1. Give the relative contact order (percent, whole number) for the stretch 8-251; include only Cα pairs under 8 Å separated by 6+ residues.
2. What share of the DSSP beta bridges in the chain is antiparallel, in percent to the nearest 5?
3. Taking the chain as a Gaussian network, where each spring joins two C-alpha atoms under 10 Å apart, which residue of 235, 15, 29 fluctuates the most?
4. For the chain, take the longest principal axis of its alpha carbons; what is the angle in degrees between that and the long axis of helix 17-28, to the nearest 10 within 0 to 90?
5. Rounding to the nearest 10 and keeping the result within 0 to 90°, find how far the Cα-based axis of helix 122-134 lies from the longest principal axis of the chain.
6. With an 8 Å Cα cut-off and a minimum separation of 6 or more residues, compute the relative contact order for the stretch 11-108 in percent.
7. Of 67, 49, 181, which has the largest mean-square fluctuation in a 10 Å C-alpha GNM of the chain?
8. When the helices in the chain are scored as -39500 (n - 2.57) per DSSP H run of 4 or longer and the sum is shared across all residues, what 222 nm value do you end up with, to the nearest 500 deg cm²/dmol?
């Protein structure tokens, strides 16, 4: 898909990290980008920097997403590109043992359901609502109407101890890609996912230096954390190369996560 000047795009979780880098790359290519995030100060800052629009959107709320898309479309028109980076989750082992009391506890069903809403359900929500709008667009070259990029994780394939919710639900995101791409093939809407490894995002930036050094060393090559602009580069290639469809692509420096 050629990014034409003024083409509309939506990027969730784009106040920082992977989403911000992607929003910046899309804007640099000429797209009008709507920044969807719950962080209002950072989101407005990014939007101002790239000439985009900030919309406060809670991805776990159907009403919030519907309203956010309506606001973005009123300002920029129907998006042809939707990149979903936002998520919420909770961590914990299926069964844990208190070292002091010896008591066993489990990751609660409520915590798992919270993660499911923030990872898997929200991915379907964003993708399907965006596709619903794309379906009415005039087709471009090859009959293409739009592209959806979801964000999974290498944890979808090799989740670590304590990632039972995160890993299984990111695997669910991977599982969305092919059937959704097939559902949307007659409409000319492509669906792909990126599976990032360990990336240098604000969340990891709060870790002690010693821990970060260990993470860098754990990557086969290059021996460093991934950079948000490298995620954005792959997202942009997925936009440009229309033969990418139904794919879930690892971006991880060849890392395979150990059990812990």
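1. Worked out over the stretch 8-251, it gives 19 percent.
2. If I count the DSSP bridges inside the chain, around 10 percent turn out antiparallel.
3. So, out of 235, 15, 29, the one fluctuating most is 29.
4. Between helix and principal axis, roughly 20 degrees.
5. 10 degrees
6. 24 percent
7. So, out of 67, 49, 181, the one fluctuating most is 49.
8. -13000 deg cm²/dmol
Every read-out reported here was derived from the displayed coordinates using simple, explicitly stated rules and does not represent laboratory data. These figures come from a predicted structure and were not determined experimentally.
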